[in-house]
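A.B. asks: Let me begin by handing over the structure; questions about it come next.
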Amino acid sequence: MSIKAVISAICVLFLLGCAGTGRQTEELLQKDYRAMSNPELQTYYYQLNDQIARVERQATGTSVGFGVGNGPVRVGVNQGISRSVIADDLRERRNEVRGELTTRGMRP
């Protein structure tokens, strides 16, 4: 198997993983929490927490990059921490839901 095939396979797997998280985030953000029953609202709050953790795990850590061209093959490793804008949207929604829980006399 050539190095280009390996790199392509890694990229496809990475993109599929990101797409799943993005779809879950979009579905969570589209829900109308004001119309939910109390148990549904509490469950929704915990779903938001779980999704924030998932998104942040993907945005944090070590990334490995490969470069292929006419010259030699290059490999690079980068260690860094970044916060995703998506996680910020989820945090904002979680705060709104927390406020709704408080309005209803509930605690998260």
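The values are calculated or read from the model by the stated rules, or taken from the named source; none is laboratory data. Keep in mind it's a predicted model, so treat the numbers as computed, not measured. Glycine gets a Cβ as well: all are built from the backbone with ideal geometry, and neighbour counts include every protein chain shown.
A.B. asks: Scan the range 16-60 residue by residue and report those that are modelled with pLDDT under 70 and within 12 Å of the chain's Cα centre (by Cα).
C.D. replies: If the condition is that a residue be modelled with pLDDT under 70 and within 12 Å of the chain's Cα centre (by Cα), then 17, 18, 19, 20, 59, 60 are the ones that fit.
A.B. asks: Name the pairs: first residue in the range 30-57 and within 15 Å of residue 89 (Cβ to Cβ), second residue part of a helix (DSSP H, G or I) and among the polar types (S, T, N, Q), Cβ to Cβ under 7 Å, at least 6 apart or on different chains?
C.D. replies: From the range 30-57, the pairs are 51/24; 51/25; 54/21; 55/21; 55/25.
A.B. asks: Considering each of 78, 95, 70 in turn, give the residue that is at pLDDT 95 or above and out of contact with any helix residue (DSSP H, G or I) (no Cβ under 8 Å at 6 or more places or on another chain).
C.D. replies: 95
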